[in-house]
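The values are calculated or read from the model by the stated rules, or taken from the named source; none is laboratory data. Remember, predicted model here, so these are calculated numbers, not experimental data. All Cβ positions, glycine included, derive from the backbone under ideal geometry; neighbour counts span all protein chains shown. With ligands, DNA and RNA removed, areas are computed over all heavy atoms of the protein, side chains included. Shrake-Rupley method; radii C 1.70, N 1.55, O 1.52, S 1.80 Å.
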Amino acid sequence: MTLQLAPPRKVPGRRTAPSRRMARFDLKGVPYLLVSPYYLLFAVFGVFPLGYTLWVSLHDWELAGDTKFTGLANYGELITDESFWNAVVNTLGMFVVATVPQIVLALLLANALNKRLRGRLLLRLGVLLPLVTSVVAVAVVFSQLYSRDYGLFNWILSWFGIDPITWQNEKWSSWIAISTMIDWRWTGYNAIILLAAMQTIPRDLYEAAAIDGATARTQFWRITVPMLRPTIVFVVFISTIGGLTLFAEPVMFEGNPMMTGGTTGQYQTVAMFIVKSAFRDFEMGYAAAAAWLLFVLILLGTMINYWFTRRIGGAK
């Protein structure tokens, strides 16, 4: 007689080794798998261009021709280049003139749109219309508005006895003209971001403040602004990056592809300087070095603005 052993019974709830491995992978590996496309794209279109630009900046690299390794020679020449520093001053000047009023106006506009108004949805959608307008169309309109002989702004200034201003010829006037173009396009965008953050503030805080006798202005500065601190920091960040990489508006304001920013470079930005060096002067290594210095300038500007906004918000 032969004895037959019964197969082992499966214990309910007990997993085999392959299923445990799959469960572990599902718990620890799948999240990395899901976020990997972003990092792969960032490596291809972000990290590689940065590294390649750094490599190009260390060479005497023509647009077409031989290359020669020069080390930090491009950076040394760039630091002593008056045209580059003129572009840096112009970029920083237009950034300050445009960004500070833009953030303040966006904050006030968001606070107004947060009130109970008739047609509130249409008003909120209306502030985004400048954003979807073509940069070329904006430049054409504002060039007419700032025209010396027939411009609207010179016509208004004539009411007060002020002589017509040639807005493109002077540094300060061209900064103001370009800054108004930037503010008109991006104030509504920042206002919508701030408005979305305002919607998350509990209404109980305002009701309690009103019971204690706080005015609307006091509620705005004591409740709204402190609660919006993270969003304000974010808006300042993106405004800093956009302001220091300013390109489209001054190019359209100039009206020609020379990238000189006026006859004396009075409104040439760093981005325009880079494009001019690369595709007009055919000095790719020099342009790559300027691009890396612009990257450093953006990092410094972001750090300074981060510290400044946190100090204003009352953070330690």
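Key figures for this structure:
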{"item": "Per residue accessible area of the range 62-107, 1.4 Å probe, in Å²", "result": "56"}
{"item": "Solvent-accessible surface (1.4 angstrom probe) belonging to residue 124, in square angstrom, nearest 10", "result": "50"}
{"item": "HN-Hα J in Hz across the range 42-55 - Karplus 6.51, -1.76, 1.60, θ = phi - 60°, x for Gly and Pro", "result": "5, 5, 6, 9, x, 5, 4, x, 4, x, 5, 5, 4, 5"}
{"item": "Summed side-chain charge close to residue 97 - residues other than residue 97 whose Cβ falls under 12 Å, Lys, Arg +1, Asp, Glu -1", "result": "0"}
{"item": "Net length gained if the chain between residue 300 and residue 24 were fully extended (0.36 nm per residue, minus Cα distance)", "result": "95.1 nm"}
{"item": "Relative contact order of the range 48-136, defined on C-alpha pairs under 8 angstrom at six or more residues apart (%)", "result": "12"}
{"item": "Linear extension gain, residue 48 paired with residue 122, 0.36 nm per residue minus alpha-carbon span", "result": "22.3 nm"}
{"item": "Heavy-atom accessible area ranking, 1.4 Å probe, most first, across 115, 276, 171", "result": "115, 171, 276"}
{"item": "The chain, dipole about Cα centre (Lys/Arg Cβ +1, Asp/Glu Cβ -1), debye to the nearest 20", "result": "2680"}
{"item": "Principal axis dimensions, the range 152-310 - Cα atoms, whole angstrom, descending", "result": "65, 47, 21"}
{"item": "Relative contact order computed over the range 255-303 (Cα-Cα under 8 Å; 6+ residues apart), in percent", "result": "26"}
{"item": "Stretchable slack from residue 149 to residue 79, in nm (0.36 nm times residue separation minus alpha-carbon distance)", "result": "21.2 nm"}
{"item": "The chain, relative contact order in percent, only Cα pairs under 8 angstrom and at least six apart counted", "result": "27"}
{"item": "Distance in nm between pseudo-label sites at residue 92 and residue 38 (7 Å out along the Cβ direction from Cα)", "result": "3.4"}
{"item": "Kirkwood Rh in Å, taken over all unlike Cα pairs in the chain", "result": "24.0"}
{"item": "Accessible area (Å², per residue) of the range 230-299, counting only protein heavy atoms and a probe of 1.4 Å", "result": "38"}
{"item": "Among 214, 291, 110, residue whose mean-square fluctuation peaks in a GNM of the chain (springs only between Cα atoms under 10 Å)", "result": "214"}
{"item": "Where labels lie 7 Å past Cα in the beta-carbon direction, separation of residue 199 and residue 211 in nm", "result": "2.7"}
{"item": "Listed residues 175, 107, 94: farthest to the positive end of the dipole of the range 80-178 (Cβ charges)", "result": "107"}
{"item": "In Hz, Karplus ³J(HN,Hα) per residue of the range 189-206 (6.51, -1.76, 1.60; θ = phi - 60°; x = Gly, Pro)", "result": "4, 5, 5, 5, 4, 5, 5, 4, 5, 5, 5, 8, 6, x, 5, 4, 5, 5"}
{"item": "HN-Hα J in Hz across the range 93-99 - Karplus 6.51, -1.76, 1.60, θ = phi - 60°, x for Gly and Pro", "result": "x, 5, 5, 5, 4, 8, 6"}
{"item": "For residue 283, residues with placed amide H under 5 Å, excluding near neighbours", "result": "278"}
{"item": "Cβ-Cβ FRET estimate between residue 229 and residue 132, R0 fixed at 30 Å, reported to 0.05", "result": "0.55"}
{"item": "The range 241-316-the range 28-81 distance, computed between alpha-carbon centres (Å)", "result": "18"}
